[in-house]
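A short write-up of the structure that comes next.
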Amino acid sequence: MYLSAPINIDIYKGISINISSERAEITLEIESKFFHAANAIHGSVYFKMLDDAAFFAVNSIVPDLFVYTVSFNTQLLRPASSGIIKSVGELKFKSANLFIADSTLLDENNKVIGRGSGNFMKSRVQLTEAIGYK
């Protein structure tokens, strides 16, 4: 489902994901097309990587429904302009319909370059092959 999303086919080619229970890791090789005017990755890339990892940490324990982001706080801590970045998301809280997950974005030297925390809820969208779920 993730790798077949148009944004990951058209813009973030080469992105990869590994999902386990309550945890997700996403990696991406930095390309100059992700840069802002100061030649480092734009904050939108930080947000995407952090939100996606937190999202899949949550959706890893919701087997039948698509979850969605209710709110997400992003901290941009250090610039990055080359190498491979990795986002690690972990579930921190769960209730019947509300989930909280944190994520950390690391550069290729395992230095923290960003952090995020989000609230997620269950949607009514079924996880089916119609949305690319396998």
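The values are calculated or read from the model by the stated rules, or taken from the named source; none is laboratory data. Source: prediction; values computed, not measured. Every residue, glycine among them, receives a Cβ derived from its backbone with ideal geometry; neighbour counts consider all protein chains shown.
Of all residues in the stretch 35-47, one or more are closer than 21 Å to residue 11 by Cβ and part of a strand (DSSP E or B). Within the stretch 1-17, the set of residues being over 11 Å from the mean Cα position of the chain (by Cα) and not in a loop (DSSP other than H, G, I, E, B) comprises 6, 7, 8, 9, 10.
Please specify each residue of the stretch 56-77 satisfying the condition of being out of contact with any Gly (no Cβ under 7 Å at 6 or more places or on another chain) and surrounded by 12 or more Cβ atoms within 10 Å (Cβ to Cβ).
The first filter runs over the stretch 56-77 and keeps only residues out of contact with any Gly (no Cβ under 7 Å at 6 or more places or on another chain), leaving 58-68, 70.
Result: 58, 59, 60, 61, 62, 65, 66, 67, 68, 70.
If I ask for residues that are at pLDDT 95 or above, surrounded by fewer than 15 Cβ atoms within 10 Å (Cβ to Cβ) and not hydrophobic (A, V, I, L, M, F, W, C), which ones from the stretch 93-106 would you list?
Taking the stretch 93-106 as the starting set, the residues that turn out to be at pLDDT 95 or above are 93-95, 98-106.
Then drop every residue that is not surrounded by fewer than 15 Cβ atoms within 10 Å (Cβ to Cβ), which leaves 93, 95, 98.
Answer for the stretch 93-106, where residues must be at pLDDT 95 or above, surrounded by fewer than 15 Cβ atoms within 10 Å (Cβ to Cβ) and not hydrophobic (A, V, I, L, M, F, W, C): just 95.
Residues checked against (1) within 30 Å of residue 40 (Cβ to Cβ); (2) at pLDDT below 95; (3) acidic (Asp, Glu):
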| residue | (1), (2), (3) |
| --- | --- |
| 63 | no, yes, no |
| 66 | no, yes, no |
| 71 | yes, no, no |
| 85 | yes, no, no |
| 90 | yes, no, yes |
| 114 | yes, no, no |
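For the stretch 1-42, a tally of residues being in contact with a helix residue (DSSP H, G or I) (Cβ under 8 Å, 6 or more places away or on another chain) and among the small types (Gly, Ala, Ser) returns 1. Of all residues in the stretch 104-134 being free of Cβ contacts under 8 Å to residues at least 60 places away in the same chain and assigned to a strand (DSSP E or B), which is farthest from residue 35 (Cα to Cα)? Step by step, filter the stretch 104-134, then rank; the result is 124. A Cβ distance below 6 Å, combined with a sequence gap of six or more or placement on separate chains, defines the contacts here; from the stretch 65-81, residues that are closer than 11 Å to residue 54 by Cβ reach residues that are of a type in the set (Val, Ile, Thr) in the pairs 67/58. Considering the conditions (1) touching a Ser or Thr at 6+ places or on another chain (Cβ under 9 Å); (2) surrounded by 16 or more Cβ atoms within 10 Å (Cβ to Cβ); (3) closer than 26 Å to residue 93 by Cα; (4) not small (Gly, Ala, Ser), residue 2 is excluded by exactly one of them, (1).
Of all residues in the stretch 54-94, those that are under 22 Å from residue 32 (Cα atoms) and of a type in the set (A, V, I, L, M) total 5. Every condition in (1) farther than 17 Å from residue 116 by Cα; (2) touching a Ser or Thr at 6+ places or on another chain (Cβ under 9 Å) holds for residue 82 except the one numbered (2).
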